[in-house]
């Protein structure tokens with residue numbers, strides 16, 4: 001496959017699981033645009049600028065990965081970026097059920113944009129941003145799940161919240 005793919009999410013914070021999905025998507029597409037959802041409804045721990053910056057640091061070595069914020073409908077963002085594909089990472093059956101619903105709705109709104117599911121690598125199948133934040137909040141070691149710079153920022157932000 002070639003072309004542009006969108007990898008959307010809140011990335012609050014970006015984990016090694018997110019990084020793995022994105023790098024694997026690059027094996028199939030010429031470019032991956034990471035769409036960082038500016039969703040206040042999810043009440044993110046990191047603001048949009050912090051999340052964008054952490055993603056830019058995590059992917060600084062690959063010019064084929066672009067990091068952009070978006071709000072509104074994902075399909076509108078995908079069209080703006082010229083993407084033909086939406087990439088979604090799936091960890092468990094519960095993820096899959098939800099993602100199939102989203103893919104079906106996106107397909108009805110934009111039949112020209114395909115959704116591709118990538119299963120999480122086994123070592124990241126249980127990793128989520130919210131779980132990583134909670135473990136870190138309780139002083140657990142989450143270093144294996146985060147880029148070193150992201151870990152440093154998470155630790156600093158948690159300290160500032162105490």
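The values are calculated or read from the model by the stated rules, or taken from the named source; none is laboratory data. Small disclaimer: the values here were computed from a predicted structure and weren't measured. No Cβ is skipped: glycine too gets one built from the backbone with ideal geometry, and neighbour counts run over all protein chains shown.
The table below gives the values:
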item	result
Flag if residue 116 is touching a residue at least 24 places away in the same chain (Cβ under 8 Å) and touching a helix residue (DSSP H, G or I) at 6+ places or on another chain (Cβ under 7 Å)	no
Members of the range 44-71 that are in contact with a strand residue (DSSP E or B) (Cβ under 8 Å, 6 or more places away or on another chain), crowded, with 16+ Cβ neighbours inside 10 Å and either assigned to a helix (DSSP H, G or I) or modelled with pLDDT under 95 (or both)	48, 51, 52, 55
Residue match in the range 72-85 (condition: outside any loop (DSSP other than H, G, I, E, B) and within 14 Å of residue 22 (Cβ to Cβ))	yes
Residue 41 being without any contact (Cβ under 8 Å) to a residue 12 or more places away in the chain and part of a helix (DSSP H, G or I)	yes
Count of residues meeting criterion [part of a helix (DSSP H, G or I), in contact with a strand residue (DSSP E or B) (Cβ under 9 Å, 6 or more places away or on another chain) and either modelled with pLDDT of 95 or more or under 24 Å from residue 74 (Cα atoms) (or both)] in the range 105-143	3
